[in-house]
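A short worksheet on the structure shown next.
The values are calculated or read from the model by the stated rules, or taken from the named source; none is laboratory data. Only a predicted model underlies this, so the values are computations on that prediction, with no experimental measurement involved. Glycine gets a Cβ as well: all are built from the backbone with ideal geometry, and neighbour counts include every protein chain shown. These accessible areas exclude ligands, DNA and RNA; they are computed on the full protein's heavy atoms, side chains included. Shrake-Rupley method; radii C 1.70, N 1.55, O 1.52, S 1.80 Å.
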Amino acid sequence: MQSENSGFFCSIQVDSKNCVSNAVWVDARARMSYTYFGDAVYFDTTYSQNENMAPVAAFTGVNHHGDTVVFGCALILDRTESSYGWIFETWLAAMDRRLPFSFTTDEGKGMAAAVAKVFPQCFHRLCRWRILSRCKKKLTDVYTRFPGFHDELKRCINGCDTVPVFDMFWGSILDKYGLRDDTWLQSLYEIRHKWVPAYLTSSFFAELSLTHRVETVSRFHRNNFSARVSLSTFINRFEQHMDSLYANEAQKDIISFPLEQLLKTNTVLEKQAASIYTRSAFETFQAELIEALQHFAIKVQDGPYMKYCVERDGNPPTRHTILYSVAEEKAWCECCRFAFSAIPCRHVLRVFVLAGVIMIPEPCTTKRWTKKAKTGPELIGLNVGNESGSANDVASRYNDLVHDAMKCAEKGAVSAGAFRFAKEVLRKAFMEIKGLGEKLNTNDMHSAVANR
Ligand SMILES: [Zn+2]
């Protein structure tokens with residue numbers, strides 16, 4: 001069962017007894033956000049941690065301010081591979097089959113199989129925060145006996161930005177707490193390339209830093225769902241929650257700060273970053289730049305791809321190798337920070353300072369973190385084709401126009417003046433389209449008669 005109007009998409013799967021088994025719904029704003037920020041998607045199933053929670057999962061992402069955005073919701077009454085497959089397939093169809101670069105989920109065989117089937121080109125990552133919280137349950141005895149264990153484990157996972165450093169730290173934790181034979185930790189290590197940041201350098205995850213935790217909908221669940229709340233009330237509240245997320249984003253879009261309040265160094269790099277990035281992205285850049293200035297860099301190889309070594313305080317674990325190409329205006333670092341944030345890391349910035357680069361090279365900036373993230377063509381992600389994507393049918397034309405109207409609404413809502421202007425322009429456009437439509441309908445009828 002499927003319905004689609006005013007940009008709102010809803011699809012319900014029923015079982016053999018005609019009872020609802022799963023559902024997916026996406027509103028026009030979620031679709032719009034996805035066109036800008038759909039590069040990294042998180043399938044949030046925090047409801048499954050608590051049996052009193054409504055079985056509502058959310059497709060979420062991160063906007064240019066580093067805040068959570070919702071790309072759609074799913075009701076999951078049947079948690080099997082085929083159900084997850086149906087939910088992913090249905091949601092992807094609602095998003096014009098535009099794939100994200102990375103797709104993050106909880107662990108689970110059914111989930112993994114469904115992701116592999118529907119998102120074969122995406123990098124499938126497992127949520128490390130969920131894995132960390134599961135560690136508490138699996139290693140209760142260790143957590144009770146050693147209160148510092150959790151922080152140490154968290155530092156190992158989130159604080160190591162290269163593979164050798166992570167492996168060394170992980171091994172030292174196993175030895176220190178006598179956990180070499182623990183089968184749970186062994187199984188986590190076997191799948192480390194799926195969840196440990198140091199191993200995740202081949203895709204993009206839209207996290208501003210390694211400790212940036214994308215907020216889940218669990219707090220909303222806790223505050224808004226109980227046995228006395230019906231599912232329809234819950235869903236209405238969820239829509240209101242989404243309204244507040246959009247309002248918060250719109251508010252942040254129009255707030256600006258004087259440069260002198262923001263700057264902490266005397267570099268052109270920082271000034272330029274403050275002018276292009278959103279506040280949150282700038283703060284990440286600034287922290288990396290300040291760290292960069294605490295590092296020491298040396299060129300170890302010349303040529304088209306110059307090689308540098310960067311380290312802090314002569315400390316070998318902080319040593320990183322960077323390749324820099326002047327011709328391509330690009331730099332590559334072995335750390336995982338760029339994969340997570342797409343903001344130049346401290347090591348690359350140190351090389352820029354040493355090489356006299358005063359402006360961030362364009363290939364090193366990503367529009368999705370800038371103040372202009374929501375302008376221009378919104379084609380983030382891989383478009384794998386849409387069978388009904390041409391403008392040859394009413395539904396496609398309708399969706400296309402709803403998308404444009406949403407953009408007008410977004411820009412027109414930022415101030416009272418913009419609102420009045422948008423209203424007037426839309427009124428005129430409506431009158432013209434209406435007049436033109438009547439004329440075109442008449443012409444179509446005449447040509448149909450003439451063709452008989
Ligand atoms: Zn780096």
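Summary table
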quantity: Selection within region 16-50 - under 18 Å from the mean Cα position of the chain (by Cα), among the β-branched types (Val, Ile, Thr) and not in a loop (DSSP other than H, G, I, E, B); calculated: VAL26, THR35, VAL41, THR46
quantity: Of residues in region 349-359 being open to solvent by 30 Å² or more (accessible area, probe 1.4 Å) and either in a loop (DSSP other than H, G, I, E, B) or within 22 Å of ALA206 (Cα to Cα) (or both), the one nearest to the ligand (Cβ to nearest atom); calculated: ALA355
quantity: Of all residues in region 314-332 being over 27 Å from HIS64 (Cα atoms) and touching a Pro at 6+ places or on another chain (Cβ under 7 Å), the one that is nearest to the ligand (Cβ to nearest atom); calculated: SER325
quantity: Positions within region 333-348 being among the aliphatic types (A, V, I, L, M) and more than 9 Å from the ligand (Cβ to nearest atom), in sequence order; calculated: ALA339, ALA342, ILE343
quantity: Strands (runs of 3 or more DSSP E) contained entirely in region 265-336, each with at least 1 residues that are under 28 Å from LYS374 (Cβ atoms) and out of contact with any Phe, Trp or Tyr (no Cβ under 7 Å at 6 or more places or on another chain); calculated: 330-333
quantity: Selection status of SER280, over 21 Å from PRO164 (Cα atoms) and in contact with a Gly (Cβ under 7 Å, 6 or more places away or on another chain); calculated: yes
quantity: Some residue of region 312-324 being open to solvent by 50 Å² or more (accessible area, probe 1.4 Å), more than 30 Å from ARG29 (Cα to Cα), among the acidic types (Asp, Glu) and in the same structural domain as ALA274 (by TED's automatic domain parsing); calculated: yes
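Here's the yes/no breakdown for (1) crowded, with 18+ Cβ neighbours inside 10 Å; (2) touching a helix residue (DSSP H, G or I) at 6+ places or on another chain (Cβ under 9 Å):
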position: GLN121; (1), (2): no, no
position: ARG134; (1), (2): no, yes
position: VAL142; (1), (2): yes, yes
position: VAL165; (1), (2): yes, yes
position: LEU188; (1), (2): yes, yes
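Per-residue answers, yes or no, for (1) modelled with pLDDT under 70; (2) part of a helix (DSSP H, G or I); (3) open to solvent by 100 Å² or more (accessible area, probe 1.4 Å):
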residue	(1), (2), (3)
THR375	no, no, no
LEU379	yes, no, yes
ASN386	yes, no, no
PHE421	no, yes, yes
ALA429	no, yes, no
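Yes/no per residue for (1) touching a Leu at 6+ places or on another chain (Cβ under 7 Å); (2) outside the structural domain of ILE322 (by TED's automatic domain parsing); (3) open to solvent by 80 Å² or more (accessible area, probe 1.4 Å):
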residue	(1), (2), (3)
THR233	no, yes, no
TYR246	no, yes, no
VAL268	no, no, no
TYR277	no, no, no
ALA281	yes, no, no
LEU289	yes, no, no
TYR305	yes, no, yes
